[in-house]
Structure formats: structure tokens, C-alpha cells
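Reviewing the structure listed below.
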Amino acid sequence: MTVADANVLLLSSDDVARELTERASPRRFAHCDEPYQALEELGRRQYDAIVVAEGYPDVTGLARAVRRLGQATRTYLLCSPAGEAELHGADQAVLDDYFIYPPSREDLDRVFRGVRPLEAVAGADEAEPAIGVALTPSDIAALMESASSLEGLRDHVRMLVGRWTGLDVHWADAADVGREGDPLLLLDADPPMVLAARGPQALSADAQHGLHALQVLLGPLAAHVRRTAALHKLAITDHLTGAYNRRYFYHLTDQLLARAKAERFRVTLLLYDIDDFKRYNDTYGHAAGDEILRQTAKLMKRITRSHDVVARIGGDEFAVLFWDAEPPRRPDSRHPQAAGALANRFLEALAGHQCPSLGPEAKGVLTISGGLATYPWDGQTCRDLLRHADEGLRQAKRSGKSAIHLVGEGPV
């Protein structure tokens, strides 16, 4: 990545990098395509400027990290004409300037007017690393990999700092830092956390450099964790009800059934829909229908246990997975009946529930019909269990609705 005499670092896609190097001397640029790779490079050697192409998340946070790594490095944003209109004042406060892609020769001359002559950069690679020798490129790569979850990031940072300092370090809520020891690092989580250490803290210069570099990186890494978690939640959640969506339900069920086969435990699937749902939509409108779906999902999640899985799989149809998080207390315990008891609790809760969108006289009017199917007796896959549970649901409809039927055995 590094060009020996480059004094401008470019954070962009390969296509943008090729375009820029055609318009200006390619000997000016070192190119990378990942924000943390850019921070690593800025910590390893001095650059006069970094150019960040539009599209990278949290450009403001990246610019602040650049400032902390090297006060002399200026930060420029390369944006589209549409992106120029969307620039916020906060961005401009930490950015030195921006220019439009593709840039004109005048833009490039203006941006790089203060860049050192190339001969002044000779030997820059041998300069003392700005972030200290404790934080190596492999450390940064491992940190990025650990940032798939907040727990993974915390564990890796604690291990890294413990290795550098030889101290017994631990994470604590920021509010408890006085009681938990002296703070070494702050993690912007919810709630904020500090990495604290008890006892004497005679830190080496390398350890201090490493802690400083980690603090710089923790902000963007924590933001990455939050964005990843938010995107994951969007990908697996039904947007209307907040329950899991159909695709994730299939994925989760097949995973759970594979585990059930290996560990020899039972799983029961409840499939249910709202009786006469079309009538509510026709009478009260689709907004009222949506509210019924939200209320029903919320009520089911309140009735079920924390490890049970509630999903909307289409229209007014929901599926719930009941499974034993722990081994049965008695050898003769019957899992389908336990699931049936939870399902009947839901029927009872509906009988006393008032959905606001149906008015003050509508208490207890909502009912459901459902069917229960259990692994391994009624099916080996998610689709098999859904098919058999659907048979139970149809049986409940034929018998007068407002009931849960166990496949082949009638009401539970």
C-alpha cells in the first residue's frame, strides 16, 4: 500500500484512486480502502494530508482520530455534487476542506498547495512510529475482527492491555470507576464503560503509547459495533411488529433443530393466526389492523420465556418456537403440554386484552387459532413442523376457532 515518497494518503475505492492518480502525480499518493488501515498507516508515518472519499461511515469521527494521531495532517473530503449539499456544519468543523469528484486540476492544486516537496519526504518510513511500538498491525487487524460484537471488542482490548501492562484490568461502568480502580480507557457504549486497573500503575512508554492509540481507535470501533448491531437487527426483524421475520425464523429454527438432534432435546412449534383478521381490516381500516398485529406480537413476547422465539411469517400469521433451555426436571415431563400451557396463557391474555384501535367496547374481542407440532415426532425440519402445525391450526378453525390444537390430539 505505502508509496515510499507519498505524502498524501487516499482512503477510497480502487476506481477513485485510479481516477485521481491520472489527474495528479501518482507518486504523491498512498492508497488504502479501510478506515482502520488508514489510521494504522497514519500512526506508522507522517502524511501531510489524508483524502477521504464519500461513502465511508462516521467521517467526522475518523477526522477527529486523524487529528489526534498527527496534528499536522490535514483531512479533506472528496464528495459528489449531491454529497456537497448534505455536508453538515459538524463535518466542516473537523474537516480542513472538501472538493468535488472528479476534481479539476484547480481543485487538486488548491488542496495540495501546502504539501511538502517530495524530496522532503525521503526517509519518512524510518521515522519513529506515532502510535508506539506496542500496537502492531496484527493487533489492529485483530481488533477490527473482534469488533463484530461489543463483548468481543471488550474481551480483546482487556487481553491486549493486560499483555502490555502486566496489570489486572477489568471493565466497569463509568459511574463506578472510583470504586473499581483507576481508569485506563473509556469505551463509548450504553452505558459508557471504563477499563480500570487496581494497584500501582508504573506504565512503560510503549504501554502509554499503546493505550493512547487504543483510545483513538475505540471510538470508531465502538461506532462500528453499534452500526453492525443495528443493521443485524434490521435484517432479522419484521419492521411492523418487532418480532423476528420469516427468513430469520427459518434460519434460526434449522439451527435449533440441528442442536436439538445433537443434544437430544425437544422443540415445539406453534403456528397461529388472528381469527377474522380481514373483518378488522375492512371494518376499522388497515391502520387498526397494523395495530392489532403489533399488539398481538407484543403480548405473545410478554407471555413467552426469554429464550423462546416469536416471529411473524406473513400477513396475520405468526410462529413461536418453544424449547427447553435446560434439561427437563422430571424424566416423564412432556414438552408439548408445557408449550400448550404457554399457548393457553396467551389465549387467556387475549381474552382480557383491549386493543386501543378497536375502541373502548372492544375488550377481549381478539381471538386466535393455532396448531402445535413437536420435534422429533411431527417433523425433522422447520418446513415439516410448519406443515404439521398448519394442520392443527386448520383443525382449530373447523372446531370453532379461538383454540390451540396439538397435532393428532385436539385442543391442548
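What's the total number of residues in segment 203-249 that are in contact (Cβ under 8 Å) with a residue 60 or more places away in the chain, aliphatic (A, V, I, L, M), surrounded by fewer than 16 Cβ atoms within 10 Å (Cβ to Cβ) and closer than 30 Å to residue 298 by Cβ?
Residues flagged as in contact (Cβ under 8 Å) with a residue 60 or more places away in the chain, aliphatic (A, V, I, L, M), surrounded by fewer than 16 Cβ atoms within 10 Å (Cβ to Cβ) and closer than 30 Å to residue 298 by Cβ within segment 203-249 amount to 2.
Name the residues in segment 258-290 that are farther than 27 Å from residue 398 by Cα and either charged (D, E, K, R) or outside the structural domain of residue 373 (by TED's automatic domain parsing) (or both), would you?
Within segment 258-290, 259, 261, 263, 264, 266 meet the criteria.
I'd like the full set of residues that are farther than 16 Å from residue 222 by Cα, surrounded by 15 or more Cβ atoms within 10 Å (Cβ to Cβ) and at pLDDT 85 or above, limited to segment 143-166. Reasoning before the result, please.
Taking segment 143-166 as the starting set, the residues that turn out to be farther than 16 Å from residue 222 by Cα are 159-166.
Keeping just the survivors that are surrounded by 15 or more Cβ atoms within 10 Å (Cβ to Cβ) gives 160-162, 164-165.
Across segment 143-166, the qualifying residues are 160, 161, 162.
Which residues, taken from segment 1-60, are aromatic (Phe, Trp, Tyr) and at pLDDT 70 or above? Walk me through it before giving the result.
From segment 1-60, those aromatic (Phe, Trp, Tyr) are 29, 36, 47, 56; that's our starting set.
Scanning segment 1-60 gives 29, 47, 56.
When the residues of segment 64-77 are filtered to those that are more than 23 Å from the chain's Cα centre (by Cα) and among the small types (Gly, Ala, Ser), which remaining residue is modelled with the lowest pLDDT?
Among them, the one singled out is 70.
What number goes with the only condition from (1) over 30 Å from residue 355 (Cα atoms); (2) in a helix (DSSP H, G or I); (3) at pLDDT below 90 that residue 265 does not pass?
Unmet condition: (2).
Where residues in segment 265-278 are closer than 12 Å to residue 316 by Cα and of a type outside the set (A, V, I, L, M, F, W, C), which of them is surrounded by the most Cβ atoms within 10 Å (Cβ to Cβ)? Explain how you work it out, then say what you get.
So in segment 265-278, the residues closer than 12 Å to residue 316 by Cα come out as 271-278.
Filter once more, keeping what is of a type outside the set (A, V, I, L, M, F, W, C): 272-273, 275-276, 278.
On the way: 272: 25, 273: 20, 275: 20, 276: 16, 278: 11.
Here the answer is 272.
The values are calculated or read from the model by the stated rules, or taken from the named source; none is laboratory data. The structure displayed is predicted, hence computed values, not measured ones. Here Cβ is always computed from backbone atoms with ideal geometry, including for glycine, and neighbour counts include all displayed protein chains.
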